[in-house]
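Working notes, structure below.
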Amino acid sequence: MDRKAFISNISESLGRTQSPASPGAHPGRFPDFADAESAAETARTEAANRSSDLLEDAASALATTGWNVHRAETIEDVGDVIASICRGIDATKALRSGHEILDEAQINLALEREGVDLRDMNLDEEMSPDERSDARIAHRKEVFQTDVGITGGDYVIAETGTLVIHPKKGVSRLTSLAPPVHIAVMKRGQVLPSLDELFLLEHVDIHSGNRHAGMNLISGPSRTGDIEATIVHGIHGPVETHIVLVG
Amino acid sequence: MEPTTKTFNTAASRALADVRLQQAHEVVYNGFHRARIAAAADTDEWEAQRTLGKAIKDHTIANLDYYLEMLADNVEKNGGNVYFASDGEDANSYVRKLAAQNDVQTVIKSKSMVSEEMGLNHVLETDGIEVVETDLGEYIIQLAGESPYHIIAPAIHKTKEQVADLLAEESNTARQETAEQLTRQAREMLREVFQRADMSVTGANFAVAETGSIVLVTNEGNGRMATSMPRIHVAAMGMEKLIPSVADLSAMLRILIRSATGQRISCYVTMVNGPRAHDEEDGPEEFHLIIMNNGRDRLLRDESLREALNCIRCGACMNACPVYRKVGGHSYGWVYPGPIGSIVSPVFTGLKEGHKLPAASSLCGACHEACPVKINIPRMLLELRSQTAQGDPDPAQRASGFGERMTWKAWRQGMMSRRRFDAGSTVGKIVTSPLKRDGWLTKAPPPVSGWTASRDFPAPAPKSFGKLFAERTKAVKDD
Ligand code: SF4
């Protein structure tokens with residue numbers, strides 16, 4: 001149906017001839033964008049100031065939502081933690097995202113030592129469109145035959161025990177989804193207290209032109225209760241999720 | 001989906017007699033309802049969150065034209081396509097065309113109530129396209145050839161054994177036993193489908209006007225698969241499902257998820273801002289948003305019912321409803337069951353078809369108390385009853401018979417004057433006296449036999465209160 005006709009039917013149903021020029025004050029938390037911007041600034045500073053407390057809060061909330069929580073004092077310790085998780089699940093094939101924290105942790109070295117075949121899903125900039133589409137198909141096949149996906153992330157939410165990842169170049173949507181085990185590495189300073197701060201920052205980012213194609217909030221392993229209300233993990237996503245908190 | 005709201009009474013009686021269904025309803029009650037109550041009790045300022053949720057939805061619906069335009073503009077700005085559909089048929093024809101143009105062979109679906117309204121699966125299958133539901137519960141009922149039983153737990157009425165038979169037959173592999181094994185089996189079956197699907201059709205728990213985003217809430221991860229694997233992603237939403245700002249999401253997700261399952265958050269909340277970025281490794285190349293009316297404008301037009309458009313489809317009113325918990329989801333005869341369904345369905349089908357639903361409530365108020373956006377469902381049920389009694393101006397739509405309306409008119413007249421009331425009660429006493437047994441009327445004749453079908457009616461007292469009062473006042477005075 002024609003868009004104009006659809007909208008004018010709605011206006012008419014609301015007892016007017018056309019859409020209002022402005023909807024009036026919005027009852028949400030940030031009717032005014034300037035308020036949102038300064039609130040976002042405050043939220044960032046506070047999260048930084050309280051980073052140690054927030055990390056502790058996050059650790060316990062993550063455990064509640066079903067994450068296996070591992071602590072690493074420094075970034076140098078992360079490689080060993082990941083290697084030992086891989087050993088525990090007999091992983092031979094792993095896939096990583098392009099998150100920088102994984103480079104800092106030198107997980108490539110750690111997994112090589114462990115004898116795990118680690119790949120990434122980067123598409124070569126130089127590829128022709130056809131080559132890219134072939135590479136995408138190949139990479140899809142691969143992702144379903146991988147034992148473990150390793151990623152960083154953008155935020156952890158202490159309120160809910162949630163890892164937040166923006167999919168983007170180098171950060172495939174599938175790395176944290178398709179393999180039966182997902183390992184995430186996050187550090188102190190990446191924790192936000194609650195969903196309020198997350199969506200506030202997202203709101204401000206999008207307004208400032210910093211828009212991603214999407215955002216994933218991940219809270220523990222995939223689960224279903226659709227057969228006689230019995231909770232089972234790993235219906236479409238990972239059966240097991242691990243998070244390494246650094247700092 | 002063809003509505004069968006008219007047969008509510010027979011369907012309800014059938015459900016009441018089914019022991020297995022009654023057990024499943026207990027699961028719904030114990031699981032979701034108690035979990036919700038616990039989650040609400042465990043949440044700071046729960047009432048304030050509900051009040052905020054209601055305010056956001058009231059504001060959005062009051063400015064629906066404004067925000068829908070904003071949403072459409074922003075989806076297009078993000079590189080997506082928007083289609084406004086007047087009804088299910090209109091929406092179906094858009095999807096069919098899209099599928100044909102792109103030579104789509106397989107469509108995967110992630111739970112979408114709107115596509116149930118459209119009857120999309122059937123339409124695509126007629127075109128020779130394979131359609132597979134990916135929410136485990138929806139997949140099970142698709143294999144069984146049924147419709148969802150509960151909006152959050154669609155296959156809650158199926159036993160493990162029934163599921164085992166369905167999966168074994170479909171996959172041609174060994175029959176599994178435990179819920180765990182069956183889930184693994186379904187995982188493998190569905191992964192194979194995800195890999196070859198060309199198109200996905202999802203719902204949208206929320207659409208965000210100012211960013212042109214949609215938000216999917218799932219525990220299983222099928223919403224993520226559906227927005228990562230296929231080339232084309234189609235999201236279908238009812239036109240009321242939007243909120244103005246991303247900053248509103250924290251409040252809305254909090255109340256939605258707690259009310260739906262009692263969780264603090266679902267395993268996956270996925271925000272989609274259009275097709276994938278050009279340099280991303282995966283994600284859909286095309287994004288289409290279908291915004292459907294399908295009779296919702298009737299709710300918008302009627303100010304006394306407009307509030308029903310605030311619904312965020314959490315299912316809490318159903319789990320809280322003592323009637324729903326007994327008669328179950330299928331009795332209501334259309335996509336949305338339970339208390340909110342008893343408002344939405346009759347308005348969709350017309351009161352002539354649907355007037356039994358608003359009557360199937362004790363008006364106990366549990367739904368109003370449970371609703372995360374404070375929708376006053378009992379008030380609207382009464383409103384629909386009153387509209388039924390008054391009769392639609394269009395005689396073809398009238399749900400109540402001429403005789404019935406006249407009877408109530410006479411009743412009203414009678415009640416409005418003392419003299420007529422007294423005369424009426426004298427007539428009532430005379431008419432009912434042959435039916436009286438020990439002070440009760442146990443068997444009334446048609447057309448009022450329903451009144452005594454399952455309980456006795458107290459017979460009028462030999463002397464009315466008015467008469468006794470007059471007699472005694474006189475006796476006191478005479479003393
Ligand atoms: S009416 Fe309220 S309680 Fe019922 S499904 Fe809608 S939002 Fe939930």
Checking the condition of a type in the set (Asp, Glu) and touching a helix residue (DSSP H, G or I) at 6+ places or on another chain (Cβ under 8 Å), which residue from A:ASP53, A:ASP35, A:ASP80, A:ASP2 passes?
A:ASP80
For A:ILE82, all conditions in the list (1) closer than 20 Å to B:ALA277 by Cα; (2) out of contact with any Gly (no Cβ under 9 Å at 6 or more places or on another chain) hold save one; what is the number of the exception?
(1)
Find the residue count for region A:172-207, including only residues that are in contact with a Gly (Cβ under 6 Å, 6 or more places away or on another chain) and either surrounded by 21 or more Cβ atoms within 10 Å (Cβ to Cβ) or outside any loop (DSSP other than H, G, I, E, B) (or both).
10
Helices (runs of 4 or more DSSP H) fully within region B:362-465 counting 2 or more residues that are farther than 30 Å from B:CYS314 by Cβ and either in contact with a strand residue (DSSP E or B) (Cβ under 6 Å, 6 or more places away or on another chain) or among the hydrophobic types (A, V, I, L, M, F, W, C) (or both)
B:402-415, B:418-432
Report whether or not A:ILE165 is at the interface with chain B (Cβ under 7 Å from one of its Cβ atoms), closer than 26 Å to B:PRO275 by Cα, hydrophobic (A, V, I, L, M, F, W, C) and in contact (Cβ under 8 Å) with a residue 24 or more places away in the chain.
no
Considering only helices (runs of 4 or more DSSP H) wholly within region B:65-181, the ones with at least 2 residues that are farther than 30 Å from B:ARG20 by Cα, away from the ligand (no atom under 16 Å from the Cβ) and of a type in the set (Gly, Ala, Ser) are B:88-101
Please determine whether any residue of region B:189-210 is charged (D, E, K, R) and either touching a Phe, Trp or Tyr at 6+ places or on another chain (Cβ under 8 Å) or without any contact (Cβ under 8 Å) to a residue 12 or more places away in the chain (or both).
yes
Within region B:296-303, is even one residue more than 10 Å from chain A (Cβ to nearest Cβ), surrounded by fewer than 19 Cβ atoms within 10 Å (Cβ to Cβ) and not in a helix (DSSP H, G or I)?
no
Filter region A:1-51 for residues that are within 27 Å of the chain's Cα centre (by Cα) and among the acidic types (Asp, Glu); which is surrounded by the most Cβ atoms within 10 Å (Cβ to Cβ)?
A:GLU37
Within region B:258-295, restricting attention to residues that are within 16 Å of the ligand (Cβ to nearest atom) and more than 9 Å from chain A (Cβ to nearest Cβ), which residue is nearest to A:GLU202 (Cα to Cα)?
B:ARG258
Quick one: is B:GLY391 modelled with pLDDT under 85 and in the same structural domain as B:ILE37 (by TED's automatic domain parsing)?
yes
Out of the residues in region B:367-394 meeting the condition of being of a type in the set (Lys, Arg) and under 17 Å from B:ARG306 (Cβ atoms), tell me which one is surrounded by the fewest Cβ atoms within 10 Å (Cβ to Cβ).
B:ARG379
Got a sec? Which of B:ALA320, B:ALA360, B:ALA316 is within 16 Å of the ligand (Cβ to nearest atom), surrounded by fewer than 23 Cβ atoms within 10 Å (Cβ to Cβ) and away from every other protein chain (no Cβ under 14 Å)?
B:ALA360
With the condition kept exactly as written, say whether any residue in region A:224-241 is under 27 Å from A:ASP77 (Cβ atoms) and touching a helix residue (DSSP H, G or I) at 6+ places or on another chain (Cβ under 6 Å).
no
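The values are calculated or read from the model by the stated rules, or taken from the named source; none is laboratory data. All values derive from a computational prediction rather than experimental measurement. All Cβ positions, glycine included, derive from the backbone under ideal geometry; neighbour counts span all protein chains shown.
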